[in-house]
1. Taking amide H positions as placed 1.01 Å from N in the peptide plane, with prolines and chain starts having none, which residues 5 or more places from Arg32, or on another chain, fall under 5 Å of its amide H?
2. Of the heavy-atom accessible surface of the chain (probe 1.4 angstrom), what whole percent is carbon and sulfur?
3. Convert each backbone phi in segment 154-160 into a coupling constant with the Karplus relation 6.51 cos²θ - 1.76 cosθ + 1.60 (shift: θ = phi - 60°), then list the ³J(HN,Hα) values in order as whole Hz, x for Gly and Pro.
4. So how far apart, in nm, are the two label points at Ala43 and Ala216 if each is 7 Å from Cα heading toward Cβ?
5. Which of these, Cys80, Cys333, Cys93, has the largest mean-square fluctuation under a Gaussian network model of the chain (Cα springs below 10 Å)?
6. Gap in Å between the Cα centre of segment 322-372 and the Cα centre of segment 219-260?
7. Using 0.36 nm per residue of separation minus the Cα-Cα distance, give me the extension gain between Ser232 and Gln169 in nm, one decimal.
8. Once both axes come from the Cα atoms, what is the angle between helix 64-74 and the longest principal axis of the chain, in degrees from 0 to 90, rounded to 10?
Amino acid sequence: MDSLIKTSPDQLATRRGRSPELAVIVPTFNERANVAAVVERIAVALEGIDWELVFVDDNSPDGTADAAWDLARQHDNVRCIKRLGRRGLSSACAEGILSTNAPFVAVMDGDLQHDESILPAMLAKVRAGADIAVGSRYSGEGSSGEGLSPIRQWGSNLATRLSTLVAGQELADPMSGFFMVRRDLFVDVAPQLSDEGFKILLDLVVTAARKGTPPAIAQVPYVFRQRQAGESKMSPLVVLQFLGLFLSKLTGGLLPTSFLLFALVGFSGVAVHLSVLWLFTSVVPETFIVAQILATITAMTWNFFLNNSLTYADRKLHGLKLWTGLLGFYVVCSMGGVANISIASMIYEARPAPLIAGLAGALMSSVFNYAVTRIFTWK
Ligand code: GDD
Ligand code: MN
């Protein structure tokens, strides 16, 4: 208290903190060349509005965070959160949103592809009562302009159609990474959101709808621009994570995305197993058992590394943990194998249908392996 009494009223005002009306969250990974322009353009677009800008950087090797902190020194309404040891667009956005107390928050890419000049129109929509205002490339005057290659355009259209299935309502551009939302709505659903991949908006809409009434959504058209500098982080991994999220939402959230990816990896492991087995037995036909053991180890190793970089990309093991994780994975999978065989033979004894017994055994071991490695390996 003492120190407070000694400070001037002006200093006190800053100590009470700012509470702008709008926070713009900008996730960044290797966007050093773009961040200054982002601040400049947002400042122009939001003239007359009380706003702040939060960069959320995942320790970009190009030093984006340093550039963002430089900007923060020049503008008292700009800040940067730097996260260590983590990657992910969705989780970066979530952390940025949870770091502000502005009643309205926008998420916008840091490569200038999103047209910041529609921010005031989006704000008008949420002020007027919309829960979410989506910057949409596919309604009214909006378009994906020069921003997408033909193949990405095709993928984007397909994903849009799939999303309508799970969103439960017409959404012109569910894949949009550009939207504004009431902060309290976001805080409410945040614990249930997936932290994988790119598709935070779709996840937000679906999760909010499941918790009560479907959110009131307004669309604000815009033209998607070409990326300014640097390159896109979209990858096959991001696409797979989207498919996982889609399947997970389709099953009513019953199956977590990571289980679906884990199962997918498991399927690929079966192919690896059979290939090694076939290869080995065709070279040395008399040693089936040796071939089977070799194939099993190869498939387990394959599954481990694929899970580590795909299913659990957000909590990837490195260094020593990678190797102890692999050993643990062998142990868990062996127990899973025992579970597989005992369930299968139990069922087979009750009813001698090999396919059903085999499938039940495989299902049993996948659930077992998933659950146990989730607790011990990729916690
Ligand atoms: N912090 C953080 N961590 N930021 C990331 C990460 C990450 O792992 N990955 C990407 N970003 C940042 C980028 O630096 C950029 O500011 C923004 O997220 C979008 O990433 P891009 O790599 O430019 O994605 P895109 O242009 O291919 O996709 C964008 O447009 C799509 C519409 O077609 C995104 O907005 C998608 O969400 C959107 O669906
Ligand atoms: Mn982009």
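1. For Arg32, whose amide H was placed from the backbone, the distant partners under 5 Å are Thr64.
2. 64 percent
3. In residue order, the calculated couplings are 4, x, 5, 4, 4, 4, 4 Hz.
4. Here the answer is 3.5 nm between the modelled labels.
5. So, out of Cys80, Cys333, Cys93, the one fluctuating most is Cys333.
6. Cα centroid of segment 219-260 versus Cα centroid of segment 322-372: 31 Å apart.
7. Taking Ser232 through Gln169 to full extension adds about 19.8 nm, to one decimal.
8. The angle comes out at about 20 degrees.
The values are calculated or read from the model by the stated rules, or taken from the named source; none is laboratory data. Predicted model only: the values in this text are computed from it and were never measured. In this analysis, Cβ positions are derived from the backbone assuming ideal geometry, glycine residues included, and neighbour counts consider all displayed protein chains. Remember, those area values only see protein heavy atoms, side chains included, never the ligands or the DNA or RNA. Shrake-Rupley method; radii C 1.70, N 1.55, O 1.52, S 1.80 Å.
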